[in-house]
């Protein structure tokens, strides 16, 4: 039980900026990390929905509300996934060999493609949230589900995707995965999809189904361009997956 509590602290302190006590990272304490990723999504989702509900009830313009939401998600994660997106963009758009792309990804310098990817993603997110606030309605509660779905699949990626290198954070986290972990994460995903269906209707299943379709595409794209995943590539997935689901939210 003590190791499980330590795992909770480690998981939330790494994936969010929530202030928590410092604990030593050991393989024993990290073995629950993949299973706890969806709960990080739940925490972020609940906070995000709370801010969304507050902004809806305040005399704040749709644009200002959209900017506030984007800033919230950026701040709560400490820009972790956005940083991964920037590194991945520099490598992907370089059109170099797999080996050269890996070198570019390790480079701490920020390239032009990273800046363009960051600006484009922020503009798209602000635009999507602007339309969500404009539309109003009851679909806002699905903002709770989006981070859960993205982080559940993020954890499943550690179970099933090949790795581009033999070291790194993604490999370290994957050591805590196995068949039982994969099964439980799949159950999480199915249960979340079921809740989405019960809250809305069959059309709302566009979120998990659209995410799965994108994940299949992402698998083959990553394998072709990088040979597998890294921590940056997994972080990129979270950003792109959530943008996709925000877009799908507008058609519900």
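The values are calculated or read from the model by the stated rules, or taken from the named source; none is laboratory data. Predicted model only: the values in this text are computed from it and were never measured. Cβ coordinates were reconstructed from backbone atoms using ideal geometry, including for glycine residues, and neighbour counts include every protein chain displayed.
Can you tell me which residue within segment 2-30, out of those that are crowded, with 19+ Cβ neighbours inside 10 Å and outside any helix (DSSP H, G or I), is nearest to the chain's Cα centre (by Cα)? Before you say what the answer is, go through the steps one by one.
Of segment 2-30, the ones crowded, with 19+ Cβ neighbours inside 10 Å are 6-7, 10-11, 15, 29-30.
With the extra rule that they be outside any helix (DSSP H, G or I), the set shrinks to 29-30.
Numbers: 29: 22, 30: 19 Å.
So, considering only residues that are crowded, with 19+ Cβ neighbours inside 10 Å and outside any helix (DSSP H, G or I), the one nearest to the chain's Cα centre (by Cα) is 30.
So which helices (runs of 4 or more DSSP H) stay within segment 31-116 end to end and still have 3 or more residues that are at pLDDT 90 or above?
By residue number, 33-56, 62-76, 80-92.
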Legend entry - Count of residues meeting criterion [over 19 Å from residue 242 (Cα atoms), within 20 Å of the chain's Cα centre (by Cα) and in contact (Cβ under 8 Å) with a residue 40 or more places away in the chain] in segment 101-150: 1
Inset, instruction - Would you please name the residue that is nearest to residue 234 (Cα to Cα), looking only at residues in segment 179-205 that are within 18 Å of the chain's Cα centre (by Cα), modelled with pLDDT of 95 or more and surrounded by fewer than 17 Cβ atoms within 10 Å (Cβ to Cβ)? - result: 186
Inset, instruction - Would you check which residues across segment 232-247 are buried (at least 21 other Cβ atoms within 10 Å of the Cβ) and either within 19 Å of residue 185 (Cβ to Cβ) or at pLDDT 95 or above (or both) and list them? - result: 233, 234, 235, 236, 237, 238, 239, 241, 242, 245, 246
